[in-house]
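Novice: Before I ask anything, let me first share the structure, which is written out below as structure tokens.
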Amino acid sequence: MGLEEELAAFRAEFERTAPSGRAALYSAKIEELRGQFPLKDAIAVGDKAPDFSLPDSRGRQVSLTTLLRGGPAVVTFYRGGWCPYCNIQLRAYQRALPEIAALGGQIIAISPQLPDRSLSVVEKNALEFDVLSDVGNVVGRSFGVVYALPEELRAAMRLNDKALPGINGDESWELPLPATFVVAQDRSVALACVDVDYRRRLASEDIVTTLRLLAGPTDGHA
């Protein structure tokens with residue numbers, strides 16, 4: 001089952017089993033955000049990706065500049081380990097990692113969670129790529145993908161034991177939009193996918209296609 005099918009199956013099951021009105025609330029707030037979020041301010045194809053250095057799940061600093069010396073980077077922003085759609089996406093990217101690595105690519109997954117939360121994401125999903133903590137959404141903001149949750153969603157998350165202040169270590173209730181960028185070695189953005197609907201994610205096949213284009217002709221083919 002591909003990523004799109006997995007996400008759709010999870011969404012259908014959630015809508016079948018969620019408390020009355022919950023799925024409708026979430027859908028309504030996604031549409032509200034669609035009308036409000038300034039997508040034009042997000043990093044786009046052809047832009048230079050902002051440099052950053054963030055701690056991984058074990059406290060080691062990882063910088064974009066250093067990673068790009070080894071090849072293109074796939075920079076994906078996810079909401080957190082508490083988000084089932086994010087875990088489905090990260091596992092799909094892990095399955096694609098051999099193909100991505102064969103093309104010289106490296107994956108960096110970024111969320112505003114505290115580092116110990118990132119470690120549990122790595123362990124739970126058996127991830128073999130860098131999972132970084134962007135506490136305060138500083139890097140997410142530099143990519144233009146951060147927004148604050150409205151009060152109705154804060155209340156729902158408190159009921160679900162997913163209150164963000166305890167997970168992210170601040171009181172902002174801010175999250176990044178699900179966003180994935182393929183960054184070439186010169187820091188230019190070759191692929192940008194930013195979506196206000198957290199139930200949708202960029203397919204790993206699109207990442208692989210972009211990395212192939214960056215790799216250029218091989219085996220004598222024009």
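Novice: For a label point 7 Å from the Cα of THR17 along Cα→C-beta, name the residues of region 104-134 whose backbone N is under 19 Å from it.
Specialist: 125, by backbone N distance to the label point.
Novice: Just to confirm the filter: which trypsin sites (Lys or Arg not before Pro) across region 48-112 are DSSP coil and have at most 15 other Cβ within 10 angstrom of their Cβ?
Specialist: Loop-located and lightly packed - ARG58, ARG60, ARG69.
Novice: Could you pull out the longest piece of the chain with no exposed loop GluC sites (Glu not before Pro) in it, calling a site exposed if DSSP puts it outside H, G, I, E, B and it has at most 16 other Cβ atoms within 10 Å?
Specialist: So the longest stretch without any such site is 1-127.
Novice: Within straight cross-link reach of LYS29, meaning Cα distance under 21 Å, which lysines are found once same-chain residues fewer than 8 apart are removed?
Specialist: Reachable lysines: LYS40, LYS162.
Novice: I'd like the isolated cysteines in the chain, meaning no second cysteine's beta-carbon lies under 4.7 angstrom from theirs.
Specialist: Here CYS193 come out as lacking a disulfide-compatible partner, given the Cβ-Cβ threshold of under 4.7 Å.
Novice: Ok, one more. Sequence neighbours fewer than 8 away in the same chain don't count; with that in mind, list the aspartates and glutamates whose C-alpha is under 14 Å from LYS48.
Specialist: ASP186
Novice: Moving on to the next point. Rounding to the nearest 20 debye, state how big the charge dipole of region 67-222 is about its Cα centre with +1 on each Lys and Arg Cβ and -1 on each Asp and Glu Cβ.
Specialist: 120 debye
Novice: Using helices alone, what [θ] at 222 nm do you get for the chain, with -39,500 (n - 2.57) per DSSP H run of 4 or more residues, divided over all residues and rounded to the nearest 500?
Specialist: Mean residue ellipticity, 222 nm, calculated: -13000 deg cm²/dmol.
Novice: Additional query: Roughly speaking, what is the centre-to-centre gap between region 135-180 and region 78-105 when only Cα atoms are used, to the nearest Å?
Specialist: Cα centroid to Cα centroid, the span is 20 Å.
Novice: Pairing the Cα long axis of helix 84-102 with the longest principal axis of the chain, what angle in degrees results, from 0 to 90 and rounded to the nearest 10?
Specialist: Once rounded, the angle reads 10 degrees.
Quick note: the coordinates plus some simple rules give every number you see, no bench work behind them. Small disclaimer: the values here were computed from a predicted structure and weren't measured. Note: ideal-geometry Cβ built from the backbone for every residue, glycine included; neighbour counts use all protein chains shown.
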